[in-house]
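Shown next, in structure tokens, is the structure this report addresses.
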Amino acid sequence: MMKPTRPPISKGASYPQEFREEAVRYWLSSGHTLANVAADLGLSPECLRSWRKQMETVQAQSVTNLQSGDATELAQAREIGQRRRELEAMTSAQGAPEGTF
């Protein structure tokens, strides 16, 4: 992975999210120590460390959201299946041929 280019930043401003993510990926894929990569990018080691924690938190939340979305979808599919079985039972009780709903 190529070393990310540090954007010019004014005092008190924060780095763009894209740079933060590229810097963390660069650190993790480089095989170098946190201190070496931070110095290479002109950042403090604590800065890179906190960006990594933020990325991990966002990723964990994304996985949780996907899992809860999957659970909702599964519940909906079960409900549809239950209603279909009820409808088939009602139509067969009325003497209608199966699968004609």
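Rule-based calculations on the coordinates, nothing more; no lab input. All values reported here derive from a predicted model rather than from experimental measurement. Glycine also receives a Cβ, built like all others from the backbone with ideal geometry; neighbour counts cover every protein chain displayed.
Numbers for the structure displayed
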| item | result |
| --- | --- |
| Dipole-positive endmost among GLN76, SER30, MET90 within the stretch 17-93 (Cβ charges, Cα centre) | MET90 |
| SER14-GLU73 FRET efficiency (beta carbon distance; Förster radius 35 Å; 0.05 resolution) | 0.45 |
| Value of [θ]222 nm, deg cm²/dmol, for the chain, DSSP H segments ≥ 4, -39500 (n - 2.57) each, nearest 500 | -25000 deg cm²/dmol |
| Simple spin-label estimate for ALA93 and THR33 in nanometres, 7 Å along Cα-Cβ | 7.6 nm |
| Set of the stretch 1-26 residues, backbone N closer than 13 Å to the point 7 Å along the Cα-Cβ line of VAL58 | 15-25 |
| Reported label for calculated Rg and Dmax of the Cα atoms in Å given (1) 17.6, 51; (2) 12.6, 37; (3) 26.6, 80 | (3) |
